[in-house]
Amino acid sequence: MRFVKAHPGMAAGLAILGLMALMAVAAPVFAPYSPYAQDLLYALEPPSAGHPMGRDLLGRDVLSRVVYGTRISFTVGFIVIGMNALIGVAAGCAAGAYGGRADFFLMRVTEMAQAFPGLLLAIAIMAALGPGFGNLLLALCLTGWTGFARLARAQVLSLREREFVAAALACGAGKGRLIFMHYLPNAAAPLLVEAAFGLAAVIVAEAGLSFLGLGVQPPEASWGAMINEGRGFLLFAPHLAVFPGLCLFLLVLAVTLVGEELRDIVKR
């Protein structure tokens, strides 16, 4: 209770994230029906006791597809943000620790990657490679690492002048040891904040690409694709787009709340 009173935003965000993560892991338990089972006789059926979120254009249960869509969002989000953090932190730490030509080269590459709007670059990559889950991961991994690189480099440059780093250098510590034993542990907090906000951005990007037909392909359930399918029926079957849109909003809100609280804690 003390934690909830001290950090209400983080508590609410973690509660929503925990529930959605449980849904993603145990999707067959939470989904009352198969997300692929079709029954055209009941197409566009409104919400009812048997189908709380109604049915879609092919008679599939919307609740079951929303639950399985949670799995897609979490899988893409955590894989992409993990790869972005790995690439960006490695580049930023190497640039800050080694300096000189390494710093110049890595930062120029980062600036070139950052010169293009991330979502537009991802759309271009997907258009060139074609839609699909693997290409979606590749496109998002190639466009989201620059923020980590800049932040990691800035943290390393600020830590290089600290006394404990000078002491480690005096004891013969090499660049690699400094990165793993001193720079990364002290830069973990701001990098974690960056990861939280980055996760929200990746989830929205996945939904956006799937909405455009460039991401996860049918019959797999993706919230973005479900919103796209339902946008033509907003007047007489709004449940097709409203429920996946609401889940997307809640997930992004939860991640953002956690990120905001983490940022406030780091600043103190």
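Read-outs throughout are calculated quantities, based only on the coordinates presented, and are distinct from any laboratory measurement. Predicted model, so just to flag it, every value in this text is computed and none were measured. Cβ coordinates were reconstructed from backbone atoms using ideal geometry, including for glycine residues, and neighbour counts include every protein chain displayed.
Residue exposure proxy: Cys93, Cys247, Cys171, ordered by other Cβ atoms within 10 angstrom of their Cβ from fewest to most, comes out as Cys171, Cys247, Cys93.
Calculated FRET efficiency, Ala90 and Phe233, Cβ-Cβ r, R0 51 Å, to nearest 0.05? My answer for the efficiency is 0.65. Inter-part distance, region 75-96 to region 125-176, computed on C-alpha centroids, equals 6 Å. Could you work out the local net charge near Ala91, counting Lys and Arg as +1, Asp and Glu as -1, over the other residues with Cβ closer than 15 Å to its Cβ? That works out to +2. Among the listed options [x] 48, 46, 35; [y] 58, 39, 34; [z] 77, 51, 28, the one matching Cα extents along the principal axes in Å as calculated from these coordinates is [z].
Applied to region 81-96, the Karplus parametrisation 6.51 cos²θ - 1.76 cosθ + 1.60 on θ = phi - 60° returns per-residue 3J(HN,Hα) values of 5, x, 5, 4, 5, 4, 5, x, 5, 4, 5, x, 5, 5, 5, x Hz, with x for Gly and Pro. Could you work out how far helix 133-143 tilts from the main Cα principal axis of the chain, as a 0 to 90 degree angle to the nearest 10? Roughly 40 degrees between the two axes. For region 204-213, 3J(HN,Hα) computed residue by residue from phi via the Karplus equation (6.51, -1.76, 1.60; θ = phi - 60°) reads 5, 5, 4, 5, x, 5, 5, 4, 7, x Hz, glycine and proline entered as x.
Listed values for region 229-243 are Karplus-derived 3J(HN,Hα) couplings in whole Hz (6.51 cos²θ - 1.76 cosθ + 1.60, θ = phi - 60°), namely 5, x, 5, x, 10, 4, 6, 10, 8, x, 5, 4, 9, 5, 5, and x replaces Gly and Pro.
Annotation for region 222-261 versus region 197-217: alpha-carbon center distance of 12 Å.
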